[in-house]
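Below is one structure, written out as structure tokens; the observations come after it.
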Amino acid sequence: MKKRDQIVIWADYFNSRLGRRQGRRVPLSLAARNPTLDDLRKAAEAIGLRVVAVREARRPGRPGERSGYIQVSKVDSRAKQSLVRDVAKSLMRIKGAPR
């Protein structure tokens, strides 16, 4: 059941191997190669978000893949895309590797 005070952020949003039509939401300059759910969780926690990870979930746009997602609490009136970009920047700092 969808919670109104939570935002769902799929791992596919940050995967540099995917195109925008396949679900990537960040520019390639902020994308990572096959990010794991643990990397995503660490990145979100590093910017101060409370995180719940769901591993076995399948994103509706790619039902054949179990990429998983994290749920984070909404922060004030920030838009989802703003949070996604901040998590992507944090993910780049954590992974420290080129795409």
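Overall, the accessible surface of the chain at a probe of 1.4 angstrom is composed of carbon and sulfur to the extent of 46 percent.
Rolling a 1.4 Å probe over the protein heavy atoms gives the chain an accessible area of 61 Å² per residue. Taking GluC sites (Glu not before Pro) across the chain, the ones in a DSSP loop with at most 10 further Cβ atoms lying within 10 angstrom of their Cβ are GLU56. Label-to-label distance, ARG62 versus LYS42, with points set 7 angstrom from Cα along the beta-carbon direction: 2.0 nm.
Please tell me the relative contact order of the chain in percent, rounded to the nearest whole number, where contacts are Cα pairs under 8 Å and at least six residues apart.
Details: 161 pairs, mean separation 35.0, N = 99.
RCO, the chain: 35 percent.
Number of Lys-Lys pairs in the chain with C-alpha atoms under 16 Å apart and a separation of 8 or more places or on different chains: 7. Taking a point 7 Å out from the Cα of ALA53 in the direction of its Cβ, the residues of the range 65-91 whose backbone N falls within less than 20 Å of it are 65-74, 84-91. Looking at (1) -0.36, -0.44, -1.37; (2) -0.23, -0.28, -1.41; (3) -0.46, -0.51, -1.17, which value of log10 I(q)/I(0) by the Debye sum over Cα atoms at q = 0.10, 0.11, 0.24 Å⁻¹ comes from a calculation on the structure shown? The value computed from this structure is option (2).
Measuring between their Cα centroids, the range 10-29 and the range 39-99 lie 12 Å from each other.
The values are calculated or read from the model by the stated rules, or taken from the named source; none is laboratory data. Please read all numbers here as calculations on a predicted model, not as lab measurements. Cβ: placed from backbone, ideal geometry, glycine included. Neighbour counts: every protein chain shown. Side chains are part of the model used for accessible areas, which takes the heavy atoms of the whole protein and leaves out ligands, DNA and RNA. Shrake-Rupley method; radii C 1.70, N 1.55, O 1.52, S 1.80 Å.
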